[in-house]
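Below you'll find the structure, written out as structure tokens, and then a few comments.
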């Protein structure tokens, strides 16, 4: 798994609604999966409230840790508590300024609907100096892209539909270009009838024998109830076939050893 | 909202599966809601991989920030990558040691099923020196409770059913005792037909006039499509009726002003 060295990704989530449990953070899961499949190592997730200092802290912490990619979601709209652009500017030590390209994006969106530019709408075109606006094909608030030293920073909106469209139409191509040339492959084994703690030494042994593979066990119900454990097997490699072969070998060993102690085993699809 | 001063809560999520997007972080949302209703201010969420140093970083960062409560989920089971106890011990600068009370909890669970204590099972009874084990009524891994200076730290398992049971049967009573004596009240207004950016100055005005109320707008669909915005209104107060009245007043003002500009408004239940 050490192949993605130098390709750490950090995901920042901005918004009180996530912290107070009003909204479940599906954006982080979606981005985490995308980044992982692109070969990045998602290192940390930080969730902060709608507060300039807290947002600045989140960006600063990821920059200081040397992240290759930082993606934030949330805090880009027209209301008083949309503070991501300001927090990012503070973290970078640059001014927030009206960006002409961003302004024309916002203007066009409202003109299409016969609406005027108001102060709250113009606010969405203010981004940190040196940053580029990311077009929003669905909503009105542009995203923000800035390269800082060697880190690529993307600020996307919190509305999942907008965030996903902007990621797929703009961010993904950049991540492919600057990212590692490796493939991420995964497979799963479901085991029934054996407690997770009995499988633990088997996992240790298989990981020793297949050292490019990472196995994580997920107890699907409690050990006190019926025993159901999913073993999620992952590998990264510059060579897709090699990664697949590693996964296959690990899965074969798991199946052999768990069956050997009386477990009922089922292999799930191996995918890339 | 400044009433919960000194009652910051931090939620830590431990596990690669969250970062790679295999599992959506519902634990954080559930805990965030519980903590908010108990009057705590959920300040930050940190998500780290199954790595001792990263886990230690997360605990250390929340302790240094002066959190009143830190709750972690994940990393407490029998496998090699369950490293929360170790990471917490590193953060506190104390040794990990076999806790007799924890050991008897684990032992009892396996004896009930006629299973021996193995090395991987005994591992679950090793907790930082000075910490107390939290009984797990559903699974086998005990949780960990430790008071550090003025911070109450709880480490709970990642399996939602176990985490919730342990929170409700053990953690919640402690949080009530050491927490603020305040009530959290909320209400919602759904607005149709007006863009979020048009509502933004109304939100500003209502928050100026009802200064104990916090209003967050959530665009439910894009501004480019049909306009649907939820305004989530919250207030905290030592007096529940006072908080409710503040919410009612803010909602009345929102309804009046949004209707005044042609919006269609619907009030959702006001709850505590």
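The values are calculated or read from the model by the stated rules, or taken from the named source; none is laboratory data. Every value quoted in this text rests on a predicted model; they were computed, and no experiment measured them. Here the Cβ positions follow ideal geometry from the backbone for every residue, glycine too, while neighbour counts run over all protein chains shown.
Residue B:184 falls short on exactly one of the conditions (1) crowded, with 17+ Cβ neighbours inside 10 Å; (2) facing another protein chain (nearest Cβ under 10 Å); (3) modelled with pLDDT of 90 or more, and that condition is (3). For the range B:244-272, the set of residues classified as assigned to a loop (DSSP other than H, G, I, E, B) and either surrounded by 18 or more Cβ atoms within 10 Å (Cβ to Cβ) or in contact with a strand residue (DSSP E or B) (Cβ under 8 Å, 6 or more places away or on another chain) (or both) consists of B:263, B:272, listed by residue number. Counting only residues that are in a helix (DSSP H, G or I), touching a strand residue (DSSP E or B) at 6+ places or on another chain (Cβ under 9 Å) and within 27 Å of residue B:118 (Cβ to Cβ), the range A:170-201 holds 3 of them. Under 21 Å from residue A:22 (Cβ atoms) and without any contact (Cβ under 8 Å) to a residue 40 or more places away in the chain - does that describe any residue in the range B:61-81? No, because not a single residue in the range B:61-81 is under 21 Å from residue A:22 (Cβ atoms) and without any contact (Cβ under 8 Å) to a residue 40 or more places away in the chain. Would you confirm, using the coordinates I've provided, whether residue A:205 is over 24 Å from residue A:96 (Cα atoms), assigned by TED's automatic domain parsing to the domain that holds residue A:87 and surrounded by fewer than 23 Cβ atoms within 10 Å (Cβ to Cβ)? It is false that residue A:205 is over 24 Å from residue A:96 (Cα atoms), assigned by TED's automatic domain parsing to the domain that holds residue A:87 and surrounded by fewer than 23 Cβ atoms within 10 Å (Cβ to Cβ).
Comparison of A:76, A:28 shows that the only residue that is in a loop (DSSP other than H, G, I, E, B), at pLDDT 95 or above and surrounded by 20 or more Cβ atoms within 10 Å (Cβ to Cβ) is A:76.
Can you confirm whether residue A:257 is at pLDDT 95 or above and away from every other protein chain (no Cβ under 13 Å)?
So residue A:257 fits the description; yes.
The criterion of being in a helix (DSSP H, G or I), touching a strand residue (DSSP E or B) at 6+ places or on another chain (Cβ under 6 Å) and at pLDDT 95 or above holds for residue B:85.
For (1) farther than 20 Å from residue B:82 by Cβ; (2) at pLDDT below 95, each residue gets a yes or a no:
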residue: A:174; (1), (2): yes, no
residue: A:193; (1), (2): yes, yes
residue: A:220; (1), (2): no, yes
residue: A:227; (1), (2): no, yes
residue: A:236; (1), (2): yes, yes
residue: A:266; (1), (2): yes, yes
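One residue stands out among those in the range A:132-152 that are at pLDDT 95 or above and under 19 Å from residue A:64 (Cβ atoms): the one that is surrounded by the fewest Cβ atoms within 10 Å (Cβ to Cβ), which is A:147. Consider residue B:216 carefully, then state whether it is more than 17 Å from residue B:263 (Cα to Cα) and within 8 Å of another protein chain (Cβ to nearest Cβ). Yes: the conditions hold for residue B:216.
Does residue B:42 qualify as being at the interface with chain A (Cβ under 7 Å from one of its Cβ atoms), more than 9 Å from the chain's Cα centre (by Cα) and crowded, with 24+ Cβ neighbours inside 10 Å? Answer is no for this residue.
Restricting attention to the range A:45-63 and to residues that are surrounded by fewer than 22 Cβ atoms within 10 Å (Cβ to Cβ) and more than 12 Å from every other protein chain (Cβ to nearest Cβ), the residue that is nearest to residue B:207 (Cα to Cα) turns out to be A:52. Condition first: modelled with pLDDT under 95, surrounded by fewer than 21 Cβ atoms within 10 Å (Cβ to Cβ) and either in contact with a strand residue (DSSP E or B) (Cβ under 7 Å, 6 or more places away or on another chain) or within 28 Å of residue A:10 (Cα to Cα) (or both). Can you find one or more residues in the range A:153-160 that meet it? Looking through the range A:153-160, none of the residues is modelled with pLDDT under 95, surrounded by fewer than 21 Cβ atoms within 10 Å (Cβ to Cβ) and either in contact with a strand residue (DSSP E or B) (Cβ under 7 Å, 6 or more places away or on another chain) or within 28 Å of residue A:10 (Cα to Cα) (or both). Considering (1) surrounded by 15 or more Cβ atoms within 10 Å (Cβ to Cβ); (2) away from chain B (no Cβ under 14 Å); (3) at pLDDT below 95, the lone condition that residue A:241 does not fulfil carries the number (1). The single condition from (1) at pLDDT 95 or above; (2) more than 12 Å from residue A:71 (Cα to Cα); (3) within 14 Å of chain B (Cβ to nearest Cβ) that residue A:167 fails is (2).
Of all the listed residues (A:96, A:103, A:115), the sole one being more than 23 Å from the chain's Cα centre (by Cα), over 22 Å from residue A:163 (Cβ atoms) and in the same structural domain as residue A:152 (by TED's automatic domain parsing) is A:115. Among the conditions (1) under 23 Å from residue A:159 (Cβ atoms); (2) in a helix (DSSP H, G or I); (3) more than 9 Å from chain B (Cβ to nearest Cβ), residue A:71 misses just one, which is (2).
Quick one: is residue B:137 touching a helix residue (DSSP H, G or I) at 6+ places or on another chain (Cβ under 8 Å) and touching a residue at least 40 places away in the same chain (Cβ under 8 Å)?
no
For the range A:3-30, the set of residues classified as within 7 Å of another protein chain (Cβ to nearest Cβ) and under 9 Å from the mean Cα position of the chain (by Cα) consists of A:28, A:29, A:30, listed by residue number.
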